[in-house]
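I have placed the structure first, in the form of structure tokens, so that the comments after it can refer back to it.
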Amino acid sequence: MSLLYPLGLLALAAWLVPLLIHLARRHQYAPLDFAALRWLRARIRPRQKIRFDEWPLLLVRLLLLAALALLLARPLLHDAAADTHPVTVVAPGLDGTALRGRDATGDWRWLAPGFPALADAVPASPSPLASLLRELDQTLPAGTPLTVYMPDPMPGLDGERPRLSRAVTWRPVPLAPAITRAATLPEVQVGAGIADAEQRVLAAIQRAWSNQPLSPARAAATAPDDGQLGVWLAAGPLPTAWQGWVQRGGSVLVAPGAAGSGWTPALRDAQGAVVLEQRQEGSGRLLRFSAALSPTELPALRDPGFPRQLLAVIAAPAAPTLAPAATQAPLRGAAAPLPAPRELAPWLLALIVLLFALERVMATSPRRGAGA
């Protein structure tokens, strides 16, 4: 057993209160004079010893104060027998009732925040399943058998295969293949006032990306569409419509030397020179080349791999969110969960209530007499 707040034991100093009360309220014996003994020579009275009356009541009061002090110290009981009954979790999106079948006594839960019981409503908010598995592994006591029903393909990845402290019974449940949209490459959308030389460079970049021609230029009042790369190389600030589009998450390529602070390198050439810089604007960003868009001013444009390098900056690939469930079976090797200590506060509260009731019964008992 250990104490979470050992300073709570200082409350044991309250033991002095019932001790002083019992010393002050001792039975007083009044002396009586007898006529036949008045002529006898008085003897020195023996020294009185400290004596406590009604010591059972005193003992109950001391135990009550000791229990209160121990409650303030928050005792914890370690190495208690842990409940290692088997646990089965089902990922949201699966038919938990069908998987459970007739098993009405097992501990079935959803693989969701808080790990609610399977009888509760299906969690609606998507959560990273791999992260939840790690959390569940550290929540369950060591040695608890764990069975996991996971949809195949498995969603909710976080870039790393789960590593747990225990062996897991991994049961993928095949699902019908979902209809997914093909990833679209960004489309260059230029604004008004683009020079011919710059337009040829942008058209070459667009053909390298998607083998499509460059879209017609848009006016200042018309912002690019979602998923496009806006290009506004005219002098001066961005138009209001384009600024709002950037704030909502768009990306716009502005003229070299655009004003403002907070620019950071986004692309360098083989010699380490900065080719492209970026700056955060709301949920979007601004991009600018270090020189004008011409092979003479910007030699990096002659590199055959430049469109691919630029694409890696403009449309960075998203982290995978789906994978075959069989390839995501948890690995072993994570640290075992620490045994959770057991709080003794509920038992102490019950003991305090019983001691207080006993103290009241003894203190108000008719047998105590007037001197109690």
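Quick look at the values:
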item	result
Any hit, the range 154-169, residues being of a type in the set (D, E), outside any strand (DSSP E or B) and at pLDDT 80 or above	no
All positions within the range 276-295 that are within 21 Å of A234 (Cβ to Cβ) and part of a strand (DSSP E or B)	L276, E277, Q278, R279, E281, G284, R285, L286, L287, R288, F289
Considering residues of the range 74-100 that are surrounded by fewer than 19 Cβ atoms within 10 Å (Cβ to Cβ) and under 30 Å from L12 (Cα atoms) only, the residue modelled with the lowest pLDDT	A80
Boolean, A340 is at pLDDT 85 or above and either part of a loop (DSSP other than H, G, I, E, B) or in contact with an Asp or Glu (Cβ under 9 Å, 6 or more places away or on another chain) (or both)	no
Count - residues of the range 200-213 that are farther than 17 Å from F306 by Cβ and touching a strand residue (DSSP E or B) at 6+ places or on another chain (Cβ under 9 Å)	1
Only one of A91, A121, A98, A104 that is under 21 Å from the mean Cα position of the chain (by Cα) and more than 30 Å from M362 (Cα to Cα)	A91
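The values are calculated or read from the model by the stated rules, or taken from the named source; none is laboratory data. Model, not experiment: these values are computed from the prediction. Cβ: placed from backbone, ideal geometry, glycine included. Neighbour counts: every protein chain shown.
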